[in-house]
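Asker: Questions regarding the structure given below will be posed in turn.
The values are calculated or read from the model by the stated rules, or taken from the named source; none is laboratory data. Note that the structure is a prediction, hence the values are computed from the model and not measured. So basically every Cβ, Gly included, is an ideal-geometry build from the backbone, and we count neighbours across all protein chains shown.
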Amino acid sequence: MTLSEFRSRRTRLQRYTWPGLALVAVGGWFQPLLGFLLIGCMIGAVGIAAYGKGRMWCDWMCPRGSFLDLFLARVSRKRAIPGAFRSNGVRIAVIAALFAVLGTQLWFAWPDPLAMGLAFVVILTVTTSVGIALGIFIHPRIWCHVCPMGTIAGYLSKGKYPLSIDAGCTSCTLCEKECPMAIAPYIDKENGNFRDTDCVKCGSCVAACPVKALSFPDGKGLPAARRPENGKCPAGPF
């Protein structure tokens, strides 16, 4: 699979899921019960992480992540993501704040299902608005670095489904340029594995690598001829 083919396939998948964001963030104001769909997204993110696939939900299954990739990438300034957005302190603060706000809203809304659904809609609308603003002025996926469910999924699956980097890596930086999360796998080539919890396991870096030095355990992003058998990729650069 060429990089162009990989991009087309990933874009096609994201086009299936991003309408879910509009359904809840817009439709939820008219039918608040739609807000409960967010629980499904929460379960999906945590469930996939618990299964050992890292933040794979955040790739194309997350409606908001798909929206940010498809639409903000066209207008974003694509600046470097400030280190603060990757600090544990900021992430924990965001988790605590949002869960406190949501919990308080649900407490006062109980047991009215419409009011409870609206609480989820409000949270989604506010955080998405913040994500869009930050995405335009800094980087499309900057919100994903502090997204509570993404952060929790990353913590739950730390070290699982790692990206392997073999000695053929030339530090060309193409992997970083292709990565939707703007992270740089090549920096860990000496360790042989990239275990950054922000990796969404999309396989973009694998498809972009000119020497095919990157690989996931199941060969995601690699050409069919180089996909692994018994968990190992065939030897050779192509």
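Asker: Output the residue which, of all residues in the stretch 45-95 that are in a helix (DSSP H, G or I) and among the aromatic types (Phe, Trp, Tyr), is farthest from Leu156 (Cα to Cα).
Answerer: Result: Phe71.
Asker: Taking the condition touching a residue at least 12 places away in the same chain (Cβ under 8 Å), under 30 Å from Gly27 (Cβ atoms) and part of a helix (DSSP H, G or I), does Leu134 pass? Reasoning before the result, please.
Answerer: Values: touching a residue at least 12 places away in the same chain (Cβ under 8 Å): no; under 30 Å from Gly27 (Cβ atoms): yes; part of a helix (DSSP H, G or I): yes.
It is false that Leu134 is touching a residue at least 12 places away in the same chain (Cβ under 8 Å), under 30 Å from Gly27 (Cβ atoms) and part of a helix (DSSP H, G or I).
Asker: On to the next question. Go over the candidates Ile95, Ile39 one by one and state the one that is under 18 Å from Thr128 (Cα atoms) and either touching a residue at least 60 places away in the same chain (Cβ under 8 Å) or in contact with a His (Cβ under 6 Å, 6 or more places away or on another chain) (or both).
Answerer: Ile39
Asker: Now for a different question. Do we have Ser171 as over 16 Å from the mean Cα position of the chain (by Cα), in the same structural domain as Val46 (by TED's automatic domain parsing) and more than 27 Å from Gly52 (Cβ to Cβ) here?
Answerer: Numbers: over 16 Å from the mean Cα position of the chain (by Cα): yes; in the same structural domain as Val46 (by TED's automatic domain parsing): no; more than 27 Å from Gly52 (Cβ to Cβ): yes.
The answer is no for Ser171.
Asker: Condition first: on the phi > 0 side of the Ramachandran plot and either part of a helix (DSSP H, G or I) or not β-branched (Val, Ile, Thr) (or both). Can you find one or more residues in the stretch 30-44 that meet it? Even if it seems obvious, please write down each step before you answer.
Answerer: Here is the first cut: in the stretch 30-44, the residues on the phi > 0 side of the Ramachandran plot are none.
No, the stretch 30-44 contains no residue that is on the phi > 0 side of the Ramachandran plot and either part of a helix (DSSP H, G or I) or not β-branched (Val, Ile, Thr) (or both).
Asker: State all residues of the stretch 137-167 that are more than 25 Å from Val75 (Cα to Cα) and not in a helix (DSSP H, G or I); if no residue qualifies, say none.
Answerer: Residues satisfying the conditions are Ser157, Lys158, Gly159, Lys160, Tyr161, Pro162, Leu163, Ser164, Ile165, Asp166, Ala167.
Asker: Same structure again: Consider Gly44 against the criteria (1) more than 30 Å from Pro210 (Cβ to Cβ); (2) over 14 Å from the mean Cα position of the chain (by Cα): it satisfies all of them except one. Which criterion is unmet?
Answerer: Of everything listed in (1) more than 30 Å from Pro210 (Cβ to Cβ); (2) over 14 Å from the mean Cα position of the chain (by Cα), Gly44 misses just condition (2).
Asker: Inside the stretch 18-29, can you point out the residues that are part of a helix (DSSP H, G or I) and either not small (Gly, Ala, Ser) or not assigned by TED's automatic domain parsing to the domain that holds Phe71 (or both)?
Answerer: The answer is Pro19, Leu21, Leu23, Val24, Trp29.
Asker: State yes or no: is Pro148 in contact with a Cys (Cβ under 8 Å, 6 or more places away or on another chain), closer than 23 Å to Gly20 by Cα and free of Cβ contacts under 8 Å to residues at least 60 places away in the same chain?
Answerer: Here the answer is no, as Pro148 does not meet what is asked.
Asker: Can you give me the number of residues within the stretch 189-203 that are within 19 Å of Ala45 (Cβ to Cβ) and polar (S, T, N, Q)?
Answerer: 1
Asker: State yes or no: is Ala80 touching a His at 6+ places or on another chain (Cβ under 8 Å) and among the small types (Gly, Ala, Ser)?
Answerer: Answer is yes for this residue.
Asker: Given the conditions (1) out of contact with any Leu (no Cβ under 8 Å at 6 or more places or on another chain); (2) in contact (Cβ under 8 Å) with a residue 60 or more places away in the chain; (3) exposed (fewer than 14 other Cβ atoms within 10 Å of the Cβ), report the number of the one that Ser8 does not fulfil.
Answerer: That leaves (2) as the condition not met.
Asker: Quick check on my filter: what residues within the stretch 27-50 are of a type in the set (Val, Ile, Thr) and surrounded by fewer than 14 Cβ atoms within 10 Å (Cβ to Cβ)?
Answerer: Within the stretch 27-50, the subset of a type in the set (Val, Ile, Thr) is 39, 43, 46, 48.
Within the stretch 27-50, Ile39, Ile43 meet the criteria.
Asker: State whether the residues of the stretch 182-203 include one that is farther than 20 Å from Ser87 by Cα and of a type in the set (Gly, Ala, Ser).
Answerer: Scanning the stretch 182-203, I find at least one residue that is farther than 20 Å from Ser87 by Cα and of a type in the set (Gly, Ala, Ser), so the answer is yes.
Every residue, every condition in (1) modelled with pLDDT under 95; (2) outside the structural domain of Ile48 (by TED's automatic domain parsing), yes or no:
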{"residue": "Pro140", "(1), (2)": "no, no"}
{"residue": "Trp143", "(1), (2)": "no, no"}
{"residue": "Ile152", "(1), (2)": "no, no"}
{"residue": "Asn191", "(1), (2)": "yes, yes"}
{"residue": "Val200", "(1), (2)": "no, yes"}
{"residue": "Ala235", "(1), (2)": "yes, yes"}
